[in-house]
Amino acid sequence: MTTTIELESTISKLATKGKGILAADESTATITKRFQAIGIESTEETRRTYREILMMTPGCNQFIAGVILFEETLNQKTSQGTPFAEALKNAGILPGIKVDKGLVHLANTTNEQITQGLDGLAERLTEYKTKGACFAKWRAVYAISKTTPSILAIKTNAEVLARYAAICQEQGIVPIVEPEVLIEGDHTLARCEEASEPVLYALFNALYRHRVKLEYIVLKPSMIINGNTSTQKASVNEVAEATLRVLRRTVPGAVPTINFLSGGQAPEQSSAHLNAMNQLGNLPWNLSFSYARALQDYCMKTWAGQAKNIPAAQAAFYKRAKLNSLAAMGKYSEALEKEEVSHA
């Protein structure tokens, strides 16, 4: 019974209309790559400083309901000496944790991957919970080509995502279930739709089989969009309509909130797409965001590793969080990109 109360309390906050989830859970290798691209040295301290800039941005709690942390950050403290999880809770933001152990080759497939990390997951969750985490994230990836995603990859990843979600709920932790259909490739919007539908269909079958309570999950899917090297560029409305078409066919109304990943889209593009979906309206679920790069890009580039740039970097993050909050309510417009956003 206690776990149900915990799950209810967490999901009610994460599914707040107009609020999203910041993904700040890049692995050390990933964040190092992003830092190096703009000339920032990646050390434990620079990573800590950068994540504090994001999470402690004054007023961002108006737009951000939760932050997904990397394990390193969960064990770190703010410059004031407060553990990050505690500092977030003090600001009215829920701390979450990425729990998967990354991707490995899926045997007997051509360049397809499976996510590892189920071994010892229950024990790790118990530890993360004592440190303040109340939700978790697990990502599966599916590449689009002429022959992929294969049925083997679709079914195996669905099974693993469902097992992860079941283990989380047993521990009183809300699972973010992330089936990412990758943007890399020259596929059309129609091909992405064709590939994504069976991924979500298999996922919800597996969640049902593992008795996962859909009322206490966050679905974090990719949008239906053309590949990043495709010659055909879908319009904002085409992306919104195709995405909703697939979601309506595959995602039960019991799911409280769908928080999209940005998956390589430009910040403005991911806001516009989310906004268009919310404007189409009449949806059984809350539609919001759980972006990493699309929320962080301008902030990271503005900061550039310099202490003097911190106020401007936080203003950049505040603006993106606010614009995505508006998009999650169908109130965003491209004109707002040019306006100065007053920073709380």
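Each residue of segment 68-82 was assigned a 3J(HN,Hα) from its phi angle through the Karplus expression (A = 6.51, B = -1.76, C = 1.60, θ = phi - 60°), giving 8, 9, 7, 3, 3, 5, 4, 8, 9, 10, 6, 5, 8, x, 9 Hz with x at Gly and Pro.
Work out, in µm²/s and without decimals, the Stokes-Einstein translational diffusion coefficient of segment 274-344 at 37 °C, 0.692 mPa s, Rh from Kirkwood over C-alpha pairs. Could the numbers behind the result be given before it?
Details: Rh = 13.1 Å.
Reported coefficient: 250 µm²/s.
Protein-only accessible surface at a 1.4 angstrom probe places the residues Lys301, Lys137 in the order Lys301, Lys137, largest first.
Mind checking the full-extension length gain between Thr2 and Ile151? Use 0.36 nm per residue of separation minus the Cα-Cα distance, one decimal, nm. Please report the intermediate quantities before stating the final value.
Values: separation 149, 0.36 × 149 = 53.64 nm, distance 3.79 nm.
Residue separation times 0.36 nm, minus the Cα-Cα distance, leaves 49.8 nm.
Which value does Rg/Rh take for segment 159-213 over its C-alpha atoms, Rh per Kirkwood?
Radius of gyration relative to Kirkwood radius: 1.09.
If the segment from Glu339 to Arg209 were pulled out straight at 0.36 nm per residue, it would be longer than the present Cα-Cα gap by 41.9 nm. Scanning the chain for DSSP H helices at least 24 Å long along the axis (C-alpha atoms) with a Kyte-Doolittle mean no lower than -0.5 picks out 151-170, 189-209, 310-327. With all protein chains in place and a 1.4 Å probe, the accessible surface of the chain carries 51 percent carbon and sulfur. Counting only protein heavy atoms and using a 1.4 Å probe, the accessible area of Glu180 comes to about 20 Å². Rg and Dmax, both from the Cα atoms of segment 131-176 and both in Å, are 13.5, 45.
What the Kirkwood sum gives for segment 206-315 is a hydrodynamic radius of 15.7 Å, with every pair of different alpha carbons counted.
Excluding ligands, DNA and RNA, the accessible surface per residue across segment 224-344 is 42 Å² with a 1.4 Å probe. Lysine pairs in segment 58-178 whose alpha-carbon atoms fall under 15 angstrom of each other, counting only those eight or more residues apart or on distinct chains, come to 9. Compactness of segment 1-81 was expressed as the Cα radius of gyration divided by 2.2 N^0.38 Å, which yields 1.29. Per residue, the accessible area of segment 48-113 comes to 40 Å² when a 1.4 Å probe rolls over the protein heavy atoms.
What percent antiparallel are the DSSP beta bridges of the chain, to the nearest 5? So the antiparallel bridges in the chain amount to around 10 percent.
If the viscosity is 1.002 mPa s and the temperature 20 °C, what translational diffusion coefficient in µm²/s does Stokes-Einstein give for segment 133-228 when Rh comes from Kirkwood over Cα pairs?
Estimated via Stokes-Einstein, D reaches 158 µm²/s.
When the inverse distances between all different Cα atoms of segment 1-151 are averaged and flipped, the Kirkwood radius reads 17.1 angstrom.
Want the number for Lys89 to Gln279: 0.36 nm per residue separation, take away the alpha-carbon distance, what's left?
On the way: separation 190, 0.36 × 190 = 68.40 nm, distance 3.15 nm.
Gain on stretching Lys89 to Gln279: 65.2 nm.
Per residue, the chain reaches -14500 deg cm²/dmol at 222 nm when only DSSP H runs of four or more residues are counted, each adding -39500 (n - 2.57). For segment 65-210, the alpha-carbon coordinates run over 52, 31, 24 Å along the three principal axes, in decreasing order. The alpha carbon centroids of segment 5-28 and segment 45-69 are separated by 13 Å.
The values are calculated or read from the model by the stated rules, or taken from the named source; none is laboratory data. Just so it is clear, the structure is predicted and the values come from calculations on it, not from any experiment. Remember, those area values only see protein heavy atoms, side chains included, never the ligands or the DNA or RNA. Shrake-Rupley method; radii C 1.70, N 1.55, O 1.52, S 1.80 Å.
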